[in-house]
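Since the structure comes first, as structure tokens, the remarks are kept for the end.
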Amino acid sequence: MRNTYLVISLFIVSICSAQDVDLLWKARAIRAQERLDSLKNLDLTKCKNAMKIAWEIMLENAFKNSSIAKVKDKELIHYHLIIYTSSDLNKYLDVSYIYNTSDKLVGFGINKLPTELRAALIVGDKRPGADNMVMVGDGKCNYCFIKTQPFDSFVLLVN
């Protein structure tokens, strides 16, 4: 009986230590839904940082739907974050994180950029991780996508 527990424990540890990308994206989708649930009763007209919160809601919606927007071909898996920037469904930002079949992150892409947004690759910033950041925004508010850590993406309000 003791050996059975040991085998099961080792099996669980091996599953948990493996970086199953699909499970990580599904977990992030669940976290996004929880965050959206916590924000749904918020009155943005009374919020000091209403624009930032609205952009955070759009980013969380993109993470919530990322498993739906997943595209798989023979050698690569693309997880798309699709952010609609207006009521016009042709205006959206499409950012993808690309993995190989061994679940290794191998790329980052901006596949569609609405005309009202600009993208900038951060260069020369000495803060940790800043050289891996791509900022996409309108000059007032920015999505900050970390090329090597998709789940660390955030919204930055520019004063």
* **Axial C-alpha extent at least 20 Å, average Kyte-Doolittle at least 0.0 - helices from the chain (DSSP)** => 2-17, 50-64
* Asked: Excluding residue 82 itself, what net charge comes from residues whose Cβ is under 12 Å from its Cβ, given Lys and Arg +1 and Asp and Glu -1?
  -> +3
* If the limit is 28 Å between Cα atoms, which of 64/140; 26/91; 64/91; 26/147; 40/126; 46/70 go over it? -> 40/126; 46/70
* **Helix-only [θ]222 nm of the chain, DSSP H runs n ≥ 4, -39500 (n - 2.57) each, per residue, nearest 500** => -10500 deg cm²/dmol
* First measure r as the distance between the Cβ atoms of residue 26 and residue 51, then evaluate 1/(1 + (r/R0)^6) with R0 = 22 Å and state the FRET efficiency to the nearest 0.05. => 0.15
* To do: Please work out the ratio of the alpha-carbon Rg of the chain to 2.2 N^0.38 Å and round it to two decimals.
  => 1.21
* Give me the net charge of residue 143's neighbourhood, meaning all other residues with Cβ under 14 Å from the Cβ of residue 143; Lys, Arg count +1, Asp, Glu -1. => -1
* Asked: Between rounded, prolate and oblate, where does the range 106-159 land on the alpha carbon gyration tensor, with a ≥ b ≥ c its root eigenvalues, rounded for a/c under 1.5, else prolate if a/b exceeds b/c?
  -> oblate
* Length-normalised contact order for the chain - Cα pairs under 8 Å, 6+ apart - percent -> 14
* Asked: For residue 42 and residue 132 in one chain, what is 0.36 nm times their gap in residues minus the Cα-Cα distance, to one decimal in nm?
  -> 29.2 nm
* Asked: Which whole-angstrom value gives the distance between the alpha carbon centres of the range 36-62 and the range 77-137?
  -> 20
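Read-outs throughout are calculated quantities, based only on the coordinates presented, and are distinct from any laboratory measurement. Please read these numbers as outputs of a predicted model, since none were measured by experiment. Positions of Cβ are backbone-derived with ideal geometry, glycine not excepted, and every protein chain shown enters the neighbour counts.
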